[in-house]
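Written out below as C-alpha cells is the structure these notes cover.
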Amino acid sequence: MKSSQNLSGRAYVAIGLMLFALFFGAGNLIFPAALGQQAGVNVWWAIIGFILTGVGLPLLGVLAMGHSGCKNTDELAGRVHPWYGRIYTVLLYLAIGPMFAIPRTGTVSYEISVKPFLDASMYSLETWFLLLFFLISLWLSINPAKLVNRIGKVLTPLLLCAILLLIVKSLISPMGSYDVAQEAYATPMIATVQGFLDGYNTMDALASLVFAILVIDFVKLSGATSREEITASTMKAGMIAVGLLGFVYIFIGNIGATSVGQLGLLETGAPVLAESAKYFFGNLGAVILAVIVLLACLTTSIGLITSCASYFHQIYGRIGYKTYAVIFTIASFVVSMYGLKTIISAAIPILMLLYPLTIVLIFLALAHNIFGGRRCVYTVTMAFTLISGVVSGLETAGFAPATVEFLFKEYVPLHSVGMDWLPLAIVGFIIGLIVKAMTNGTDCGNERRAN
C-alpha cells in the first residue's frame with residue numbers, strides 16, 4: 001500500500017470537495033442569509049460567531065475523530081461510558097437523519113427550487129416532488145463506495161459554480177447598504193454570540209463526527225496507516241471543506257445584510273435568497289437558485305442516508321445496509337410531509353441539548369492526552385454539560401420547571417445568552433481533574449483508559 005505522503009493533491013481536493021458537499025445543505029444557505037438581514041451593520045460580528053460553529057467546530061470535529069483513533073462516534077462518546085456512547089450516538093444519528101436534517105433537505109428543495117415556479121393550484125405536487133427527491137437520494141446512497149466520484153468530482157463543482165455566479169453578481173451590483181441591526185444583534189458582542197447560536201441550526205458540528213468516518217475511510221484507502229498520517233490527511237481534506245463553507249457563509253451573509261432596503265425584512269432566509277436571485281438575474285436567477293438548492297440538498301441527503309444506514313447496520317447487523325437505507329428514506333419522506341416550519345421548530349430543543357454535548361466531547365477528544373484519557377474526566381465534564389443541555393432543551397420546548405429556570409437565570413453565568421453550558425463544562429472539567437488526581441494510579445469507578 002502506498003504511503004499517505006504520496007497521496008496526490010487531486011485526491012485531497014476530491015475528498016475535501018466531497019466533505020464540503022456533504023456538509024453543505026439547506027441550512028447552510030438559508031440561515032446565513034437570514035442572519036445577514038437581522039444583523040445589518042453588525043453582520044461581520046455575527047458572521048464571526050456563525051463561522052465559529054459553522055466552520056470551526058466541523059473542522060475540529062473531523063480532526064478530533066481522526067486524532068482519537070476511534071472507529072466511530074459510538075466509540076468516541078463511549079469514553080464517557082459505554083451506555084452514554086450508545087444513547088448519545090443514536091440520538092445524534094436520528095437528529096441529523098430521519099428526524100430533522102434529511103427531511104429538511106427535501107422540504108427546502110421544494111420551497112426554493114420548485115414552489116416559486118408553480119401557481120397555487122399546483123401546490124399539491126409537493127408530495128410527488130418529495131417522493132422523487134428521496135427516491136433519487138436512495139438510489140445514490142445504495143453504493144457509498146462511489147461517493148467521491150459521484151459527489152466530489154461531479155456534483156460539487158457544479159454547485160460551486162452556481163453559488164459563485166450569485167456571489168459575483170452581488171459584489172458587482174449590491175442591492176444596497178447595511179441596515180440597522182435588530183435587537184438580537186444590537187451590539188458587536190451580542191451579534192457575535194447570537195451568530196454562534198445561529199450556527200447550531202446548520203447541524204454541521206453534529207454531522208462532523210459522522211462524516212469524519214467517511215473521510216477517514218477514504219484517507220485509509222488512499223494509503224494512510226498511522227494515526228499521525230490519518231490525522232494529517234484528514235486535516236488537509238477538512239481544511240478544503242471548511243474553507244469553502246466559510247467563503248459561502250461570508251458572502252451569503254453579505255447578500256442578506258445588503259438586501260433589507262430592497263426586499264424588506266423577511267421572516268426566513270429562503271425568500272431572501274429567492275428574491276435576491278430574481279433581483280440580480282431576473283427569472284434566470286430563480287433557475288440558478290433552484291440549481292444551487294437542489295444540488296446542495298441532494299448531496300447532503302445522500303451523505304446523511306449513507307451515514308445513518310451504515311451506523312445502524314453496524315450496531316444491529318441482522319438488517320442489511322440497503323434495507324436500513326430504505327427505512328431511513330421512507331421515514332424521512334414521511335416526516336418531510338409535515339412541512340419546513342414544523343421541522344425547524346421541532347429541531348431547536350434537540351439542538352440545544354445535543355450541541356453543547358458535542359462541542360465538549362470534541363474538545364475533550366482533542367485534549368485526551370493532556371489528562372491521560374481518564375474516564376472520570378470525561379464523565380464528570382459531560383455530566384455537568386448534560387445538566388445545561390437538558391435544561392436548555394426543556395426551556396426551549398417550554399417544559400422547564402419554573403424553579404429550575406429561576407435558578408439558572410439567577411445563578412448560572414451566560415444563561416441569558418444561551419451559553420450556560422460553557423461555565424458548567426469548565427467546572428465539570430476541573431472537578432474531573434481533581435478526581436483524577438485523588439485517584440492517581442487507580443481506576444475512577446469502573447474506568448478503563450481510552451486509547
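The values are calculated or read from the model by the stated rules, or taken from the named source; none is laboratory data. As the structure is a prediction and not an experimental result, all values here were calculated from the model. With ideal geometry, Cβ positions are generated from the backbone for all residues, glycine too; neighbour counts draw on all protein chains shown. Only protein heavy atoms, including side chains, enter the accessible area calculation; ligands, DNA and RNA are left aside. Shrake-Rupley method; radii C 1.70, N 1.55, O 1.52, S 1.80 Å.
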Point to revise | Exclusive hit being at pLDDT 85 or above and either in contact with a helix residue (DSSP H, G or I) (Cβ under 8 Å, 6 or more places away or on another chain) or not hydrophobic (A, V, I, L, M, F, W, C) (or both), set ALA26, ALA46 | key: ALA46
Study note, to complete from the structure: Heads up, the helices (runs of 4 or more DSSP H) in region 173-283 (entirely inside) with at least 3 residues that are β-branched (Val, Ile, Thr) are 188-198, 204-221, 227-257
Point to revise | Residue that is surrounded by the fewest Cβ atoms within 10 Å (Cβ to Cβ) [pool: residues in region 58-96 that are over 16 Å from ILE230 (Cα atoms) and β-branched (Val, Ile, Thr)] | key: ILE87
Practice item. Please indicate, with yes or no, whether at least one residue in region 106-118 is part of a helix (DSSP H, G or I), open to solvent by 10 Å² or more (accessible area, probe 1.4 Å) and closer than 17 Å to PHE211 by Cβ. Key: no
Exercise for review: Identify the single condition in (1) closer than 30 Å to SER222 by Cα; (2) surrounded by fewer than 22 Cβ atoms within 10 Å (Cβ to Cβ); (3) aliphatic (A, V, I, L, M) that ALA241 does not satisfy, given that it satisfies every other one.
Suggested key: (2)
**Study point:** Residue check for LEU263: within 23 Å of VAL114 (Cα to Cα), under 24 Å from the mean Cα position of the chain (by Cα) and of a type in the set (A, V, I, L, M, F, W, C)
**Key:** no
Check your understanding: Going through region 322-359 one residue at a time, which ones are touching a residue at least 24 places away in the same chain (Cβ under 8 Å), open to solvent by less than 40 Å² (accessible area, probe 1.4 Å) and among the aromatic types (Phe, Trp, Tyr)?
Key -> PHE328, TYR355
Review point. Does SER416 fit the bill of being outside the structural domain of ALA191 (by the TED database), within 22 Å of the chain's Cα centre (by Cα) and either assigned to a helix (DSSP H, G or I) or within 30 Å of LYS71 (Cα to Cα) (or both)?
Key: no
Point to revise | Verdict on VAL380 being among the β-branched types (Val, Ile, Thr), modelled with pLDDT of 95 or more and part of a helix (DSSP H, G or I) | key: yes
Practice item. Being in contact with a Ser or Thr (Cβ under 8 Å, 6 or more places away or on another chain), buried (at least 24 other Cβ atoms within 10 Å of the Cβ) and of a type in the set (Gly, Ala, Ser) is the filter; apply it to region 208-238 and report the residue that is modelled with the lowest pLDDT. Key: ALA224
Check your understanding: Just to be sure, is ILE426 at pLDDT 95 or above, under 22 Å from ALA64 (Cα atoms) and more than 26 Å from the chain's Cα centre (by Cα)?
Key -> no
